[in-house]
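The values are calculated or read from the model by the stated rules, or taken from the named source; none is laboratory data. Given the structure is predicted, the values throughout are model-derived calculations rather than measurements. In this analysis, Cβ positions are derived from the backbone assuming ideal geometry, glycine residues included, and neighbour counts consider all displayed protein chains. Accessible surface is based on the protein model in full, side chains and every heavy atom, while ligands, DNA and RNA are left aside. Shrake-Rupley method; radii C 1.70, N 1.55, O 1.52, S 1.80 Å.
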Amino acid sequence: MPLGAVRRLVVEHVDPVLGRCRYVADLGARRIPNPVLVARRGDRFDAVIENRLPQPTTVHFHGLTLAEAQDGAGFDPIAPGESKAFRFEVRNRAGLYWFHPHPHGFTAEQVHAGLAGLLVVTDSEDAALDSSLALAPGNRLALALADARVAGDTLRPYAPTETDCLHGWFGNRALVNGALDARMPVAPGWVRLQLLNASNARGLLLAFREIGRVNERDGANVPFHLLGTDGGLLAAPAAVERVFVYPAERVDIAIDVSGRKEIAAVSLAFDPRHQARGGHLAHPHPAREHYPPLAAEKLCAPGSAGGAAGYLPDGAELALFTLRVAGAAWVAPPLPARISTLSDAVTDAPPRRMRLDFDERTGFLIDQSPYRTDEIAFSVGRGAREIWEIRNSPISMPHPMHLHGFGFRVLRRQGTFGPARGLASESGGRLPTDLGIKDTVVIWPNETVWLAVEFALPGDAAFHGRQRYMFHCHNLEHEDGMMMRNFAVE
Ligand code: C2O
Ligand code: CU
Ligand code: CU
């Protein structure tokens, strides 16, 4: 539904036993649960957000460049039973963005409860690509992929042990836009998929396999093309067979399904390099003391061990969804050589260095510091360009690091080991998914990644004065576990 049509967005607690929640777009006459929002660049959002959860919440539009007051980052949550008006203009490039809660200490639980909505932004380049792909109606899909613990067909409530809070909460089944065992009918030709990894913690190594084909080697991957990343289209499509999609990352891909019957999207098995072990983390978060959980469960209780049952560890193979191809034979047109006017990244700017560490007493740290709500870790000038050099410790985990408000470019990776190294086919040790605009980038243990960031704020009145933003790990158990810092643009 159009972003501009939403007048009221209600955050509902629909199942207190299993702890499930949903967003409902209230249009007066109609109520649409879990809407997929669509907007053209330049469209406006002007709505009241109503919190019907028993906990504080916020709505953060992940990837959009917004003023602090519209960013929903958790500085100013909406109390239970309260409402708040939000107004902003979509200034970002066409791409897949998303919205989710961000109240510190409650984020992981609320996102996992089902609060992750999609926002598809379009513009003229995006429309031109669709017409050169000759997309059949129904062959463009926006999908949020997440994992959950499922017993029979029932989702189990979010109840992480201390071990889960260290590694992240992993499920055993995939949900696609909230549904188990998703099967989508598509027509022969190109299929364009805009995919979000909305999992709390699981990294996906996305690949496609044809099911039940006689003449093809069983299990061979179907090649596809990467069209775009978090912040929209690449300059040119890149041919790939598998891509990493870590939590909060998005990929825009084209896959030619002509002459095939059924294609399964899977996350391939890989070694996720969880090197850090043990330790006692500072859980549960003090902010939680005053509010009940969404389901009657204890979170991150000290001394609670990892229950082996009921989930697949990070890096285990996981079935995601199926595309069923039906319709008249069709030959997909060749992909255009250039699909956007994305320019090269700026490479000379003053550096800022950051380190990701693990401490057995306090958990994961950015520059040796856990999150402090009132702290401003550093300030950057309005319009400034910087090169961020982020180094992950060897005894660590892959951390999908997310910057609020500003897209960035990945310039270089160094010290990459493990499964990401094999996919580093681009200059500077980069992966094909590093070629576009990003707002979330996974940094593997022992790796150093260089990012080019530009802190450009539009000249709107809403952006006057100091604006606070966040930089954090989007493994949501790490985020709630304090792996986050505030910074300011002034
Ligand atoms: Cu998607 Cu600070 O989050
Ligand atoms: Cu964000
Ligand atoms: Cu992390």
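The strands (runs of 3 or more DSSP E) found entirely in the range 180-251 that carry 1 or more residues being basic (Lys, Arg) and touching a strand residue (DSSP E or B) at 6+ places or on another chain (Cβ under 6 Å) are 182-186, 190-197, 204-210.
Only residues that are within 16 Å of Tyr246 (Cα to Cα) and either within 11 Å of ligand 2 (Cβ to nearest atom) or outside any strand (DSSP E or B) (or both) were counted across the range 402-415, and they come to 2.
No other residue among Ala79, Ala69, Ala116 is farther than 30 Å from Thr161 by Cβ and open to solvent by 10 Å² or more (accessible area, probe 1.4 Å) apart from Ala69.
Of the candidates Ala187, Ala198, Ala235, the single residue that is buried (at least 18 other Cβ atoms within 10 Å of the Cβ), modelled with pLDDT of 95 or more and under 23 Å from Gly436 (Cα atoms) is Ala198. When the range 313-359 is filtered for residues that are in a loop (DSSP other than H, G, I, E, B) and acidic (Asp, Glu), the ones remaining, listed by number, are Asp314, Glu317, Asp344, Asp348. Inside the range 30-58, residues that are within 20 Å of Glu109 (Cβ to Cβ), more than 15 Å from ligand 1 (Cβ to nearest atom) and either in contact with a Pro (Cβ under 7 Å, 6 or more places away or on another chain) or in contact (Cβ under 8 Å) with a residue 60 or more places away in the chain (or both) make up a count of 6.
For the range 317-333, the criterion of being open to solvent by 40 Å² or more (accessible area, probe 1.4 Å), over 29 Å from Asn221 (Cα atoms) and modelled with pLDDT of 90 or more is met by no residue. Residues in the range 389-405 that are out of contact with any Leu (no Cβ under 9 Å at 6 or more places or on another chain) and more than 9 Å from ligand 3 (Cβ to nearest atom) were compared, and the one that is nearest to Thr448 (Cα to Cα) is Pro394.
Of all residues in the range 463-475, those satisfying the criterion of being surrounded by 16 or more Cβ atoms within 10 Å (Cβ to Cβ) and either away from ligand 1 (no atom under 16 Å from the Cβ) or assigned to a loop (DSSP other than H, G, I, E, B) (or both) are Phe463, His474, Asn475. Based on what the data block shows, is Phe61 open to solvent by 10 Å² or more (accessible area, probe 1.4 Å) and either within 13 Å of ligand 1 (Cβ to nearest atom) or among the acidic types (Asp, Glu) (or both)? Considered against the rule, which asks whether it is open to solvent by 10 Å² or more (accessible area, probe 1.4 Å) and either within 13 Å of ligand 1 (Cβ to nearest atom) or among the acidic types (Asp, Glu) (or both), Phe61 comes out as no.
Screening the range 20-40 for residues that are in a loop (DSSP other than H, G, I, E, B) and modelled with pLDDT of 95 or more and picking the one that is surrounded by the most Cβ atoms within 10 Å (Cβ to Cβ) gives Pro35. The residue that is farthest from ligand 1 (Cβ to nearest atom), among those in the range 421-439 that are hydrophobic (A, V, I, L, M, F, W, C) and crowded, with 22+ Cβ neighbours inside 10 Å, is Leu431. Can you report the number of residues in the range 440-462 which are under 21 Å from Gly231 (Cβ atoms) and either hydrophobic (A, V, I, L, M, F, W, C) or open to solvent by less than 10 Å² (accessible area, probe 1.4 Å) (or both)? Within the range 440-462, residues that are under 21 Å from Gly231 (Cβ atoms) and either hydrophobic (A, V, I, L, M, F, W, C) or open to solvent by less than 10 Å² (accessible area, probe 1.4 Å) (or both) number 13.
Close contacts from the range 93-115, counting a first residue that is in a helix (DSSP H, G or I) and a second that is open to solvent by 10 Å² or more (accessible area, probe 1.4 Å), with Cβ to Cβ under 6 Å and a gap of 6+ residues or different chains, come to Thr107/Asp480; Ala108/Asp480; Glu109/Tyr158; His112/Tyr158.
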